[in-house]
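Single-structure report; data block below.
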Amino acid sequence: MTSTAQSRPGAARPAADSLASQDPTIAAYDNKARIKAIVGSSSGNLVEWYDFYAYAFTAIYFKDVFFPGSDPTVQLINTAAVFAIGFLMRPIGGWLFGRVADRYGRKTSMLISVMMMCAGSLVIAILPTYAQIGIFAPVLLLFARMAQGLSVGGEYGTSATYMSEVALKGKRGFYGSFQYVTLIGGQLLASLVVVLVTLTLDDKAMTAWGWRIPFFIGAAAAVVALYLRRSLHETSTAETRTSREAGSMASIWRNHRRAFLTVLGYTAGGSLIFYTFTTYMQKYLVNTTHMDKKTANLVMTAVLFTYMVAQPFFGMFADRFGRKTAMLLFGASTTLLTVPLLHAIAGAQSPIVAYALITAALLCVSFYTSISGLVKAEMFPAEVRALGVGLSYAIANAIFGGSAEFVALTFKEAGSETTFYWYVTAMCAIAFLVSLQMPDSRRSGYLQGDGTA
């Protein structure tokens with residue numbers, strides 16, 4: 001990955017990354033036990049992302065509560081800006097929790113992150129409105145989102161690391177895809193809860209108090225995830241945790257700089273297009289396609305379910321044909337299709353057509369999301385894996401993914417919405433070019449040991 005012998009994937013120490021060598025009890029794992037470990041680790045991932053996206057899906061309803069004003073687009077820009085600030089906390093979370101995971105264990109890091117997310121969700125659920133406490137309402141909302149951003153920033157790198165380490169060789173793409181199954185599942189659950197609540201309550205009740213229900217549910221679900229994560233086995237070794245290199249950003253920059261920059265490159269495009277066709281798309285359907293809110297929620301719920309179910313199949317594709325092939329297909333397809341798909345969605349005459357078009361876009365994105373965590377984890381050795389994955393992802397995700405809604409709505413407000421389409425296309429083209437420089441994971445990678453996938 002870099003010019004030094006130490007940083008080449010082929011030079012990795014198999015013992016450091018072999019799950020069997022790390023814990024005798026895990027060495028005897030059969031497939032059922034490994035799946036149980038994947039479920040335990042990913043449960044917190046689902047809850048974290050549910051809580052994070054509950055904000056995005058309820059923003060349409062509480063924009064008047066925290067940001068009173070007459071222009072709905074301006075109100076959405078304000079709520080999207082707070083959403084983006086949550087993303088800006090992710091690099092700090094990626095660094096902090098990545099360092100904890102590499103120095104004190106993956107399990108410890110995952111337990112702390114899910115507790116922090118629970119706290120942030122509970123604060124939002126009970127937060128007074130602007131009419132009750134004035135400017136303190138949006139300020140406290142901002143702080144709660146910052147705590148959630150810190151938590152999610154740490155969650156991604158650690159859960160990606162854990163799931164890649166617990167998975168079997170030859171099936172890492174399949175097992176690793178469950179990180180995005182639960183990530184999308186969190187979005188889907190948030191969307192489904194919002195749909196059910198909106199079908200039960202009218203718009204007036206949703207604006208007054210109904211939007212709080214998803215946040216209460218998220219806080220309660222975190223308790224369950226905390227219980228499941230307590231039973232997880234630790235996949236890092238005492239040797240790697242006590243290494244001088246463990247959790248060291250200096251070590252990453254010195255020995256694994258190319259890997260770090262590569263992850264930044266393709267995460268920028270991957271995160272941007274992912275958030276464009278998921279969290280922002282609900283608002284796009286309302287503001288640009290002119291669907292009513294309830295129909296937009298139903299469309300996105302169906303889209304997210306299809307997208308979630310597709311992930312393991314794309315993970316198996318990567319196991320068969322290689323991570324690099326999958327990443328190149330992602331970059332090429334999204335570069336060619338983003339602009340025409342967004343134009344087509346804008347003119348969609350029915351919810352079914354909108355569903356088909358958005359699903360087509362997300363199937364292209366699935367070449368990336370199904371192996372997103374795994375392809376990053378394979379680039380770093382165990383002693384800096386959680387930090388390397390988490391921080392590089394969080395930086396690109398914060399800058400490009402977190403700002404997607406804000407940039408899109410700003411262009412729309414300025415009367416130049418299509419400029420955003422070309423911005424997304426350009427970033428996907430960069431991801432394609434960066435993917436050309438990736439090594440073939442079937443021949444190299446710190447998780448390979450014997451050189452197999």
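The values are calculated or read from the model by the stated rules, or taken from the named source; none is laboratory data. Just so you know, these numbers come straight off a predicted model, no measurement behind them. As a convention, Cβ positions derive from the backbone with ideal geometry for all residues, glycine included, and neighbour counts pool all protein chains shown. Surface accessibility is based on the protein's heavy atoms, side chains included, excluding ligands, DNA and RNA. Shrake-Rupley method; radii C 1.70, N 1.55, O 1.52, S 1.80 Å.
Given +1 at the Cβ of Lys and Arg, -1 at the Cβ of Asp and Glu and no other charges, the dipole of region 31-232 around its Cα centre is 1080 debye to the nearest 20. The count of lysine pairs in region 246-440 that are at least 8 places apart or cross chains, and whose C-alpha atoms lie under 19 Å apart, stands at 5.
Size descriptors for region 86-150 (Cα atoms only): Rg and Dmax, in that order, 14.0, 46 Å. The mean sequence separation of alpha-carbon pairs under 8 Å and at least six residues apart, normalised by the residue count of region 246-440, gives a relative contact order of 44 percent.
Region 192-222 and region 347-417 have Cα centres separated by 26 Å.
Fully extending the segment from Phe305 to Phe216, taken as 0.36 nm per residue of separation minus the present Cα-Cα distance, adds 29.8 nm. Coupling constants for region 340-353 follow from the phi torsions by the Karplus curve (6.51 cos²θ - 1.76 cosθ + 1.60, θ = phi - 60°), and in residue order they are x, 5, 5, 4, 5, 5, 4, x, 4, 8, 8, x, 5, 5 Hz; glycine and proline get x.
Shown here are the Rg and Dmax of the Cα trace of the chain, at 21.0, 64 Å. With distances taken between every two different alpha-carbon atoms, region 127-189 has a Kirkwood hydrodynamic radius of 14.2 Å. Along region 201-215 the Karplus relation, 6.51 cos²θ - 1.76 cosθ + 1.60 evaluated at θ = phi - 60°, assigns HN-Hα couplings of 10, 7, 4, 5, 5, 4, 5, 6, 8, x, 5, 6, 4, x, 6 Hz to successive residues, with x for each Gly and Pro. Couplings for region 37-51, taken from phi via the Karplus curve 6.51 cos²θ - 1.76 cosθ + 1.60 with θ = phi - 60°, read 5, 5, 5, x, 6, 7, 4, x, 4, 4, 5, 4, 6, 4, 4 Hz in order; Gly and Pro are left as x. Label-to-label distance, His343 versus Phe143, with points set 7 angstrom from Cα along the beta-carbon direction: 4.9 nm. For the chain, carbon and sulfur atoms together expose 69% of the accessible surface, with a 1.4 angstrom probe and every protein chain in place. Region 277-342 has equivalent-ellipsoid semi-axes of 29, 16, 6 Å, by the square roots of 5 times the alpha carbon gyration tensor eigenvalues, sorted largest first. Projecting label points 7 angstrom from Cα along Cα→Cβ for Arg244 and Ile135 puts them 5.1 nm apart. On the beta carbon distance between Ala356 and Asp64, with R0 = 30 Å, the FRET formula returns roughly 0.35. With each label point set 7 Å from Cα along the Cα-Cβ vector, what nm distance links Leu436 and Phe321? It is 1.9 nm. Relative to the current alpha-carbon distance between Ala426 and Thr108, full extension at 0.36 nm per residue lengthens the span by 110.6 nm. Assuming charge only on the beta carbon of Lys and Arg (+1) and of Asp and Glu (-1), the dipole of the chain about its Cα centre is about 960 debye to the nearest 20.
With N set to the number of residues, divide the alpha-carbon radius of gyration of region 171-298 by 2.2 N^0.38 Å and report two decimals. Normalised Cα radius of gyration, region 171-298: 1.48.
The Cα trace of region 197-237 gives Rg and Dmax of 17.0, 54 Å, the first to one decimal, the second as a whole number. Solvent exposure of the chain amounts to 36 Å² per residue of accessible area, where only protein heavy atoms count and the probe is 1.4 Å.
For Met281, the solvent-accessible surface computed with a 1.4 Å probe is close to 0 Å², ligands and nucleic acids excluded. Scaling the Cα radius of gyration of region 31-232 by the globular reference 2.2 N^0.38 Å produces a ratio of 1.06.
Projected over every direction and averaged, the convex hull enclosing the alpha-carbon atoms of region 246-440 yields 10.8 nm².
Which one, Thr278, Gly347, Ala296, projects farthest toward the positive side of the charge dipole computed for region 246-440 from Cβ point charges (K/R +1, D/E -1)? The residue sitting farthest along the positive end of the dipole is Thr278. Over region 99-204, the fraction of Cα-Cα pairs per 5 Å bin, rounded to whole percents and listed from the shortest bin up, is 2, 11, 14, 16, 18, 15, 10, 7, 5, 2, 1, 0. In a simple Cβ point-charge model (Lys, Arg +1; Asp, Glu -1; nothing else charged), region 246-440 has a dipole of about 280 debye relative to its Cα centre.
Computed from the Cα positions only, the extents of region 154-245 along the three principal axes stand at 58, 28, 23 Å, in decreasing order.
Look at the alpha carbon pairs under 8 Å that are at least 6 residues apart: their mean separation over the length of the chain gives a relative contact order of 29 percent.
For a straight C-alpha distance cut-off of 18 angstrom, the lysines reachable from Lys36 (same-chain residues fewer than eight places away being disregarded) are Lys107, Lys169, Lys171.
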